[in-house]
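Each remark here refers to the structure printed beneath this line.
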Protein chains: 2
Amino acid sequence: MTDTSPLAADLAPRILAGDRRALARAVTLVESTRPDHRADATALTEALRGHGRQALRIGLSGTPGVGKSTFIEAFGMALVEAGLRVAVLAVDPSSSRSGGSILGDKTRMDRLAREPSAFIRPSPSSTHLGGVTRRTREAVALCEAAGFDVVLIETVGVGQSETMVAQMCDIFVLLLAPAGGDELQGVKRGIMEMADLILVNKSDGDLKPAATRTVADYAGALRLLRKRPQDPDGFPKALPVSAVTGDGIAGAWGDMQALARWRRDHGWWDRARATQAAHWFEAEVREGLLARLKRDPEVRRAMEDRAEDVAAGRVTPDAAAAEMLEWLKA
Amino acid sequence: MTDTSPLAADLAPRILAGDRRALARAVTLVESTRPDHRADATALTEALRGHGRQALRIGLSGTPGVGKSTFIEAFGMALVEAGLRVAVLAVDPSSSRSGGSILGDKTRMDRLAREPSAFIRPSPSSTHLGGVTRRTREAVALCEAAGFDVVLIETVGVGQSETMVAQMCDIFVLLLAPAGGDELQGVKRGIMEMADLILVNKSDGDLKPAATRTVADYAGALRLLRKRPQDPDGFPKALPVSAVTGDGIAGAWGDMQALARWRRDHGWWDRARATQAAHWFEAEVREGLLARLKRDPEVRRAMEDRAEDVAAGRVTPDAAAAEMLEWLKA
């Protein structure tokens, strides 16, 4: 495949050698929507497929204000100090609205950003969750090809981005701030059900008692959820951490490793990755079918003509749609 | 078209004559997903197109607990007593989960349900918003063909159902309960921006002062929103109502009529309906394309084969998707 893409042929071996500049270039490539870039990106991911190894993919979700950047800095540094290579990717479908990415916070992770064995990549600006999704999946694959041990995929606690991130991760972590017991309901049940680990941050100083209470509340709530087959005893669990003092970070990492090991040993890791891959295949086909409606000039013209008839009341939306679907089949 | 559907040929004239039993039968037909029923439904909507007249379509959104059933009963009775025919359709994509429709509450509207000039239809059970959408649009068209003056489309305040309902209505009403000022933020900005009228219910007895404050809060919030071209001066507006005492109901109806008249006179009514029709055409085409993936046996087999290859790691999700899209084109 790389025959047709000199760029992919140049980047692939460099990425496999762990070259961060080549990796950054490749991520930029997969973020692009230009057709020639897309072709290069496809050639590149195809060239890298099967090379490199599986990283531990950790999804991290938390609303603004829970201290996510500080946590990632502390957590990432702990991994780096343990001799691991760690990549951080951000997913924030809303970031284009605020004009900047959450990891424009790269500055708020200045220690980690300066580590040679770390790679930090802010969220691409796109209003389109489908686009962000594909780019993130490809970026994860690139990081794995580049030999990273851990890929941390960060997302803000809004909308569908958690579900999307959970469907590309081996472990899903929910980061929360200490709160009164009645705020527990603020976390959507759907998100709690995805969590493997709930970490209550800011468990230090004055907030420590509140954090302890919050951990107990969530531990109680987790026990009420149905037991999932992919969980060993004791999981999902809630733990206090402090990104500032570092308390609990090592323990949380130990739990993530234990969970990952158990899932590998019991077949859940491979099964989950296979299911995820099939899911993304289907999502891509759907996305591609819909994209054709917008991109193919002939299809667009046919759509516009019929939309006009519909707007003028000459035909019902449904009859026009049925006609259009026939046209597309032919 | 009705040549091919004896059922449609039978129902069409009866519906046009305002026969409620025929209407109920037709709504059941459009709710069905059976292919033969779909064909009948299409023939029927096509036969009825251009007949009947435009009803005033009012979307009504409100979370459980705001007294929606009681409000609809009071509002509907006021319309009936003014000599109008009113249809009530419920849209609740979540209702299949709880096992029952919100308008299983037909019993909670027992006066309205017994009126010969009223038609009440609970939400169909479907987990699929696309299906609920099509059925609701077709049911609205049926009610218009049956000569109803007002079609009230009720939805619960969750997820995407408001947006969907707003896109098939002439006027969108948000029903709220009295609340402390700090709860204002609980209403999503997106929903507020769709509202033409915010009604604060339960403005009676002990809750009256709280309702008055809530109205003032929302009136203030509405003033902060950008002025929309489709609004005359003074709209969108917030008003107190009481479904129990009837206070404010006549005034709210007067405001809805004034708004509808202004929009008709200034071209916004027709423009909105044309835009909505074009929107639903496009939505139907998208929906139909995706449905083909699931229904066409040959397509399904091709999808399953590739999904297996993807799950086994023999090909990336994206390469398999690209191949599948080529296959679909051929």
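The values are calculated or read from the model by the stated rules, or taken from the named source; none is laboratory data. No experiment lies behind these values; they were computed from the predicted model shown. Here the Cβ positions follow ideal geometry from the backbone for every residue, glycine too, while neighbour counts run over all protein chains shown.
Some values worked out for this structure:
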quantity	calculated
Residues satisfying the stated conditions in the range A:117-131, i.e. touching a helix residue (DSSP H, G or I) at 6+ places or on another chain (Cβ under 8 Å) and either of a type outside the set (S, T, N, Q) or at pLDDT below 90 (or both)	A:ALA118, A:PHE119, A:ILE120, A:ARG121, A:PRO122, A:SER123, A:PRO124, A:SER125, A:SER126, A:THR127, A:LEU129, A:GLY130
Filter pass, B:GLY246 being away from chain A (no Cβ under 14 Å), on the phi > 0 side of the Ramachandran plot and not hydroxyl-bearing (Ser, Thr, Tyr)	yes
Among the candidates B:ARG38, B:ARG20, B:ARG25, B:ARG34, residue that is under 26 Å from B:GLN257 (Cβ atoms), surrounded by fewer than 21 Cβ atoms within 10 Å (Cβ to Cβ) and not assigned by the TED database to the domain that holds B:ILE153	B:ARG20
Filtered residue count, the range A:70-115, keeping only those that are at pLDDT below 85, β-branched (Val, Ile, Thr) and part of a helix (DSSP H, G or I)	2
Every pair of residues 6+ apart whose Cβ atoms lie under 6 Å, when the first sits in the range A:274-290 and is closer than 16 Å to A:VAL132 by Cα while the second is of a type in the set (Asp, Glu) and modelled with pLDDT under 90	A:GLU284/B:ASP318
The range A:288-298, residues that are modelled with pLDDT under 85 and buried (at least 17 other Cβ atoms within 10 Å of the Cβ)	A:LEU293
Some residue of the range B:21-39 being at pLDDT 90 or above, assigned to a loop (DSSP other than H, G, I, E, B) and farther than 21 Å from A:ALA319 by Cβ	no
Options A:ALA258, A:ALA272; residue that is of a type in the set (A, V, I, L, M, F, W, C) and in the same structural domain as A:THR136 (by the TED database)	A:ALA258
Output for the range B:57-69, where each listed residue is surrounded by fewer than 23 Cβ atoms within 10 Å (Cβ to Cβ) and in a helix (DSSP H, G or I)	B:SER69
Some residue of the range A:158-169 being within 30 Å of A:GLY267 (Cβ to Cβ), in contact with a Pro (Cβ under 6 Å, 6 or more places away or on another chain) and modelled with pLDDT under 95	yes
Residues within the range A:299-310 that are surrounded by 21 or more Cβ atoms within 10 Å (Cβ to Cβ) and touching a Lys or Arg at 6+ places or on another chain (Cβ under 9 Å), tallied	1
Residues being modelled with pLDDT of 95 or more and among the aromatic types (Phe, Trp, Tyr) - total across the range A:193-223	0
1 or more residues buried (at least 16 other Cβ atoms within 10 Å of the Cβ) and not aliphatic (A, V, I, L, M): qualifying strands (runs of 3 or more DSSP E) within the range A:162-277	A:171-176, A:237-240
Complete set of residues in the range B:309-330 that are over 19 Å from A:LEU293 (Cβ atoms), within 7 Å of another protein chain (Cβ to nearest Cβ) and assigned to a helix (DSSP H, G or I)	B:VAL310, B:ALA311, B:PRO317, B:ASP318, B:ALA319, B:ALA320
Single unsatisfied condition, B:ALA252 versus (1) modelled with pLDDT under 95; (2) touching a strand residue (DSSP E or B) at 6+ places or on another chain (Cβ under 9 Å)	(1)
Residues of the range B:286-308 satisfying the condition of being facing another protein chain (nearest Cβ under 9 Å) and either of a type outside the set (Gly, Ala, Ser) or not in a helix (DSSP H, G or I) (or both)	B:ARG286, B:GLU287, B:LEU289, B:LEU290, B:ARG292, B:LEU293, B:MET303, B:ARG306, B:GLU308
Flag for A:LEU197 being in contact with a strand residue (DSSP E or B) (Cβ under 7 Å, 6 or more places away or on another chain) and touching a residue at least 40 places away in the same chain (Cβ under 8 Å)	yes
Matching option when the condition is of a type in the set (Gly, Ala, Ser) and more than 14 Å from chain B (Cβ to nearest Cβ), among A:GLY267, A:GLY254	A:GLY254
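Here's the yes/no breakdown for (1) within 14 Å of another protein chain (Cβ to nearest Cβ); (2) among the polar types (S, T, N, Q); (3) on the phi > 0 side of the Ramachandran plot:
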{"site": "B:LEU11", "(1), (2), (3)": "no, no, no"}
{"site": "B:ARG21", "(1), (2), (3)": "no, no, no"}
{"site": "B:ARG53", "(1), (2), (3)": "yes, no, no"}
{"site": "B:LEU56", "(1), (2), (3)": "no, no, no"}
{"site": "B:LEU60", "(1), (2), (3)": "no, no, no"}
{"site": "B:VAL66", "(1), (2), (3)": "no, no, no"}
{"site": "B:THR70", "(1), (2), (3)": "no, yes, no"}
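Yes/no matrix, rows are residues, columns are (1) closer than 29 Å to B:ARG34 by Cα; (2) small (Gly, Ala, Ser); (3) in contact with a Gly (Cβ under 8 Å, 6 or more places away or on another chain):
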site: B:TRP262; (1), (2), (3): no, no, no
site: B:TRP269; (1), (2), (3): no, no, no
site: B:LEU290; (1), (2), (3): yes, no, no
site: B:ARG300; (1), (2), (3): yes, no, no
site: B:ALA311; (1), (2), (3): no, yes, no
